[in-house]
Structure formats: structure tokens, C-alpha cells
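Following: one structure in C-alpha cells, then a few remarks.
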Number of protein chains: 2
Amino acid sequence: MREHGGNLDLAQQRFGGRADDWIDLSTGINRLPYPVGEVSSRAWSALPSRAEIDALHQAARQAYRTRAPVVAMGGAQAVIQLLPHLASPGRARILAPTYNEYAGVLSAVGWDVQEVAELDALAGADLAIVVNPNNPDGRCHAPKDLLALLPRVGRLVIDESFADGVPQLSLAPEADRLGLLILRSFGKFFGLAGLRLGFAIGNAADIDRLAAMSGPWPVSGAAIAIGCRALRDDTWAEVTSERLARDCVRLDEMAQAQGWRLVGGASLFRLYETPDAQAAQEKLAHGHIWSRVFAQEPTWLRLGLPGHESEWTRLGEALERN
Amino acid sequence: MREHGGNLDLAQQRFGGRADDWIDLSTGINRLPYPVGEVSSRAWSALPSRAEIDALHQAARQAYRTRAPVVAMGGAQAVIQLLPHLASPGRARILAPTYNEYAGVLSAVGWDVQEVAELDALAGADLAIVVNPNNPDGRCHAPKDLLALLPRVGRLVIDESFADGVPQLSLAPEADRLGLLILRSFGKFFGLAGLRLGFAIGNAADIDRLAAMSGPWPVSGAAIAIGCRALRDDTWAEVTSERLARDCVRLDEMAQAQGWRLVGGASLFRLYETPDAQAAQEKLAHGHIWSRVFAQEPTWLRLGLPGHESEWTRLGEALERN
């Protein structure tokens with residue numbers, strides 16, 4: 001398995017404790033999740049119906065401000081798994097550094113994968129991948145720059161897994177343009193990564209093919225029921241976006257007090273440059289707070305946002321320890 | 001979408017009522033499901049860890065009496081979706097009539113698909129598919145006959161979605177033989193189809209490839225938690241198997257009283273020959289009981305088993321109506 005956040009197993013093996021003892025800041029998953037509420041017995045027992053799946057797609061269209069075709073899948077990751085099969089293998093270019101699954105999944109099935117540092121260098125690719133805002137460094141691209149790139153590539157995939165807080169960045173409203181495909185994650189912003197729900201938004205031909213590849217029942221009854229409710233809850237989304245914005249400032253201040261420099265971030269995570277990320281990770285781990293380091297970038301430490309006040313307190317205490 | 005059971009939307013459109021008003025006997029899903037219980041907040045929120053997924057695999061190995069490599073996916077259907085990509089397209093032969101997704105999924109990506117009527121006619125195929133016990137007619141094949149076929153095909157897929165009641169039929173214990181791949185469904189016997197959980201069991205090379213294609217988080221936290229609990233609950237499985245066996249006899253007697261002939265069946269569904277299956281379906285539908293008919297076989301009516309006693313009463317009343 002490739003290096004990922006959320007690998008709390010590793011934290012437990014190295015530093016002890018049960019999963020519940022840890023504050024997992026190694027991912028960009030909201031730690032104050034949308035309230036799950038009751039799940040109906042029908043959602044557990046029955047095969048999801050066409051009407052239920054259509055209702056989820058409609059809720060996603062409304063939340064993501066688009067009229068383009070949508071298909072729900074078991075997380076944005078499930079869409080990534082199918083990307084290599086949307087076209088015959090060719091040249092894929094990925095704006096890097098970014099989420100490592102793209103390069104892994106594509107090269108595993110024969111794509112020629114090149115990582116590039118600038119948007120312009122994606123031109124000429126059969127398949128171009130941009131994560132916007134980017135994970136882990138928060139780098140953002142204006143919709144107009146991405147649309148200008150569109151005619152210069154075969155297919156442009158924009159992963160908007162961390163775009164919930166910044167709707168003005170989203171190309172979802174334009175997703176039915178030929179060659180454009182947008183990925184959205186449900187689990188991160190709504191804090192329900194275990195539910196496994198994400199969406200592809202694009203032109204009818206691509207969405208039909210993704211739907212055919214993922215089969216008649218690609219998501220669970222609970223994902224449909226909770227997803228519909230959460231995606232329609234504009235009030236919760238607004239309050240949450242405001243809280244996350246405040247919490248980013250708060251975390252940046254704590255990091256700055258440590259002498260760490262903000263490299264960038266999105267509304268659910270922050271990336272800091274530290275003198276020694278490994279040492280910083282270990283220091284936090286002794287307080288059972290898990291963080292993300294990067295083998296390729298030994299100074300980078302990525303932190304998700306603490307949730308309840310008690311978690312902020314524990315983070316403050318862990319940082320002050322020597 | 002291909003013709004399936006569980007299409008209650010269609011029943012509602014044609015005969016009215018809300019989903020909860022209906023007794024859905026159009027599938028082979030146990031209507032007295034395993035009790036879901038509490039789902040932990042961690043199961044909803046966190047990405048499933050490697051250790052949690054490994055525990056689920058171990059529970060599946062124990063329940064299915066095998067030591068072979070296992071991978072959990074979002075239903076047996078999710079394994080079917082990946083089958084065409086386990087090898088380059090070639091000649092697929094399917095023992096028919098059977099579950100229609102196999103032919104559909106394989107032919108969609110360039111496999112040459114042939115449906116055959118006898119086990120022997122599968123020989124020579126690059127990919128051979130046998131559903132055992134078969135859906136919808138309950139036809140069964142002895143493990144020794146299937147093992148004799150194994151060296152005569154490139155890959156032999158045995159779909160054991162309805163084998164929970166008949167462990168003596170299962171080839172799961174032999175699943176690590178080269179060329180053999182076993183599919184198991186969790187949702188049908190445990191009555192939790194909305195959970196989306198199924199397994200592939202096979203040799204390490206095939207299971208590794210399926211795992212790579214389905215990505216790091218192929219099933220939900222709830223599926224892992226509930227799946228682990230249910231698969232380890234031998235008492236529930238035993239009591240349920242015994243009840244289903246009694247209920248099959250009871251349903252067959254009710255059908256016989258209608259003059260319907262038993263074609264065959266498995267522990268979760270029965271297939272009857274009726275003078276006019278469409279008319280029988282409509283008669284039941286007026287009592288808000290949904291059943292399965294087959295466009296290719298106008299006399300076939302498939303019924304799942306009612307659950308609570310009140311459902312048996314309603315079925316009896318619907319059958320007696322003229």
C-alpha cells in the first residue's frame with residue numbers, strides 16, 4: 001500500500017495506545033463530522049433503488065452547483081481507481097507534488113506517467129491531473145486557467161476533494177464540457193470518510209462509462225441516506241466552513257509559535273516546513289497525536305485540524321513538551 | 001440498467017404504495033437480517049485501517065472455511081465489475097441461464113461471451129463462470145465436478161452468493177488453486193444488501209490484482225464492523241440456516257397449492273413454473289408483494305422468503321385472492 005494519512009495502525013505499532021486514544025491529524029478529514037442520525041432498516045437491508053441513487057445525484061448537483069451528469073461512487077478514490085480505464089493507456093501528466101494514488105494507479109496499468117511542476121507543462125497529455133486545491137501544499141488554480149488548459153489535453157481531471165470551503169474555485173458548474181471530469185469527496189468535509197462516498201461530475205459519455213464500470217449498486221444505503229441529508233444541509237455547510245476558516249488561523253498561529261513556516265493548505269489541513277518533520281511527528285506522537293510526514297520532503301509536516309476544544313488543548317500541550 | 005430483482009421503484013410506479021408498504025420478494029435477500037446494532041463513531045468517520053480490513057478478511061476466512069487469500073469489496077457485484085480486467089479479453093463461457101450481470105459486464109469490454117447449458121461445454125474457455133447454487137433455478141454442482149473442469153479452462157469463477165446454507169457445496173476451502181476464483185456475497189444471507197459487502201477468495205496473484213484494482217478503502221467502516229461481527233456469529237448462522245430450510249418447505253407448499261411447479265431454488269429463493277408469471281406477479285402486486293419475472297421465461301416466477309409471520313399472512317392472503 002502506498003504512503004497515506006490515516007495510517008493509525010502504524011502510529012499504534014510505534015507509539016502504543018488504542019485507536020480511540022489517538023487524535024488523528026494525519027488526514028484532512030473534518031473531526032467534527034456531520035451528525036449521522038438514525039439509519040433506516042431499509043437502508044441497511046435493501047439494494048439501493050434507482051430512485052434513491054438519483055436523489056443522491058440530485059443532492060450532489062445542488063451542493064456542487066452544477067447541472068452536469070453525476071455518478072456516486074465509494075469515495076473519490078473509487079473514481080481514481082477507474083480513471084485508467086476511461087481511455088486506452090497513453091501519456092498521463094500529473095501536476096506534482098500531489099496525492100500519490102494517481103501516479104500509482106495509472107502506471108500500474110500501463111500509462112506513461114510524468115509528474116510536472118507547472119500547469120502549462122500538462123499540455124499535450126492524453127490525461128492531465130490537477131488537484132485543486134492541491135494536497136498537500138494547498139496550491140490553487142483559477143478556473144479560467146484550467147479552462148484555458150482544457151483544449152490542450154485529451155482529458156482534464158480536476159480533483160476537488162478539498163474544494164468544499166472554496167466554491168469559487170470549483171469547475172463543477174462547467175463539468176459537462178467535453179474532456180473535463182471533476183472529482184468530489186464527500187467524506188472529508190463532512191467528516192465521514194468511513195462512509196465511502198464521492199462523486200464524479202462530467203459530460204454524459206464519461207459519466208455513463210464510469211457508472212457502467214462501477215455497476216448498479218456502487219454505494220451503500222447508509223451513504224445514500226446520510227449523503228442526501230448532509231448535501232442538502234446548507235446551514236451546516238456554512239457554519240462548518242466558517243469554523244474551519246477560523247481553525248486554520250488558530251492552527252497556523254500555534255505552528256508559527258513553534259517556528260514552523262506555513263507552506264500552504266486548504267480548509268481541512270495545513271502544511272508546515274519544520275526543521276525536522278520526523279522529530280516533530282514523534283514529539284506529537286508521544287501525546288498520541290498523529291500527523292503526516294513525507295518521505296520525499298523531510299521538512300514537511302501536514303496537520304489536519306483538531307475538533308473539540310479538548311483536542312486543541314492536547315495539541316497545545318504536546319507542542320509545548322520538550 | 002439490466003433487469004434485476006429489487007427494482008421496487010418499478011413496482012411502486014405500476015402499483016402504487018411507498019417502499020415501506022411493500023414486501024419485496026423479488027430478490028434473494030434474507031428478510032430477517034442480522035441485527036446491525038450500534039456503529040461506532042470511528043467506523044463512520046475514519047478511513048478504514050489496514051488492521052480493520054485484515055480482521056474482516058480473517059472473519060471471512062473463518063466463516064467460509066478457507067485459508068486462501070481473501071479481499072473484501074462492495075458486494076459480490078463489485079468483484080463481477082472487475083472480472084473483465086483480470087485478464088485480456090478472450091472467450092468467456094457462462095453456464096446459463098444465470099445472473100445476467102456476467103454476460104453484460106464481460107461483453108461491454110470486448111469479451112467474446114457464450115452462454116452454455118452444460119458444465120462440460122465450459123471447457124476451452126479463457127474464463128468460465130458457474131453460479132453454484134445457481135440463480136434463479138437453484139441448479140447445483142458437486143465440488144469434484146467443478147475441480148475436474150478447472151484444468152480445462154483458463155480461469156474458473158464460482159459465484160457462491162447463495163451457498164451460505166450449503167457449505168458442503170463450497171469450493172472456498174480449495175480457492176487458492178491456480179485458476180480458481182470464488183465469489184461470496186455477505187448481504188444476501190445476512191439480509192444486509194444495503195451495506196454493500198462481498199468477497200473474492202482465490203490464489204494470491206488474483207487476489208492481489210483485485211485488491212490493487214479496488215484500492216485502499218474498498219468497503220465502508222460500517223461494513224467492516226458489522227461484517228466482522230456477523231461472520232463470526234456461528235449461532236446466528238446456524239439458527240438462520242435452519243429457519244430458511246423450514247421456510248423453503250413452507251413456501252413450496254403454498255406455491256403447490258396454487259398449482260405452481262417448483263423448478264428449483266436455494267435457501268433464499270424459490271423458482272416456480274406458473275401458467276402465466278406476469279399474471280401471478282400482478283396478483284401478488286395488488287397485495288403489495290413484489291416478485292421476480294423473467295422476460296426470457298414467461299412461466300417463471302421467483303420468490304424470496306417472507307420474514308415475519310405477518311408477511312407470510314399477507315402472502316397467503318394475496319395468493320388466495322382472485
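The values are calculated or read from the model by the stated rules, or taken from the named source; none is laboratory data. Not measured: the values here are computed from a predicted model. Every residue, glycine as well, gets a Cβ built from its backbone with ideal geometry; the counts of neighbours run over all protein chains shown. Ligands, DNA and RNA are stripped out before the accessible areas are found, and what is left, the full protein with its side chains, is counted by its heavy atoms. Shrake-Rupley method; radii C 1.70, N 1.55, O 1.52, S 1.80 Å.
What the table shows:
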{"quantity": "Label point distance in nm, A:N322-B:Q168, each placed 7 Å from Cα along Cα→Cβ", "calculated": "7.4 nm"}
{"quantity": "Apportionment of accessible area to carbon and sulfur, region A:41-232, percent (1.4 Å)", "calculated": "52 percent"}
{"quantity": "Taking only Cα atoms of chain A, radius of gyration then Dmax in Å", "calculated": "19.5, 57"}
{"quantity": "Residues whose placed amide H lies under 5 Å from that of A:V263, excluding near-sequence neighbours", "calculated": "A:L271, A:Y272, A:E273"}
{"quantity": "Relative contact order (%) - region A:167-322, alpha-carbon pairs under 8 angstrom, separation at least six", "calculated": "14 percent"}
{"quantity": "Farthest toward positive dipole pole in region B:41-232 [+1 Lys/Arg, -1 Asp/Glu at C-beta], among B:A87, B:H57, B:A211", "calculated": "B:H57"}
{"quantity": "Segment B:L147-B:Q278, extension gain: residue separation times 0.36 nm, minus the distance between their alpha carbons", "calculated": "43.3 nm"}
{"quantity": "Pairwise label distance in nanometres, B:A205 with A:A205, each label 7 Å out on the Cα-Cβ vector", "calculated": "3.6 nm"}
{"quantity": "Estimated [θ] at 222 nm from DSSP helical runs (n ≥ 4, -39500 (n - 2.57)) normalised by residues in the protein assembly as shown, nearest 500", "calculated": "-11000 deg cm²/dmol"}
{"quantity": "Difference of contour (0.36 nm per residue) and Cα-Cα distance, B:A123 to B:S310", "calculated": "62.6 nm"}
{"quantity": "D_trans [Stokes-Einstein, Kirkwood Rh over alpha-carbon pairs] for the protein assembly as shown, 10 °C, 1.306 mPa s, µm² s⁻¹", "calculated": "61 µm²/s"}
{"quantity": "Residues with amide H under 5 Å from that of A:G6, placed H, sequence gap 5 or more", "calculated": "A:S26, A:T27"}
{"quantity": "Solvent-accessible heavy-atom area per residue, rounded to whole Å², over region B:1-115 at 1.4 Å", "calculated": "42 Å²"}
{"quantity": "Delta accessible area of at least 50 Å² on complex formation, residues of region A:196-245, 1.4 Å probe, chain isolated as reference", "calculated": "A:R196, A:P216, A:W217"}
{"quantity": "Scattering curve values for region A:1-105, log₁₀ I(q)/I(0), Debye with Cα scatterers, q = 0.11 Å⁻¹", "calculated": "-0.61"}
{"quantity": "Interface residues, region A:60-106 - accessible area loss of 20 Å² or more versus chain alone, probe 1.4 Å", "calculated": "A:Q77, A:Q81, A:H85"}
{"quantity": "Rounded to the nearest 20 debye, dipole of the protein assembly as shown from Cβ charges on Lys, Arg, Asp, Glu", "calculated": "200 debye"}
{"quantity": "Percent of Cα pairs exceeding the 22 Å cut-off, where the set is region B:41-232", "calculated": "42 percent"}
{"quantity": "Inter-centroid distance (Cα atoms) of region B:279-322 relative to region A:16-84, Å", "calculated": "35 Å"}
{"quantity": "Rounded to whole Hz, the Karplus (6.51, -1.76, 1.60) HN-Hα couplings of region A:226-232, x for glycine and proline", "calculated": "6, x, 4, 5, 5, 5, 8"}
{"quantity": "Heavy-atom accessible surface that A and B bury in contact, both chains counted, 1.4 Å, Å² to 100", "calculated": "3200 Å²"}
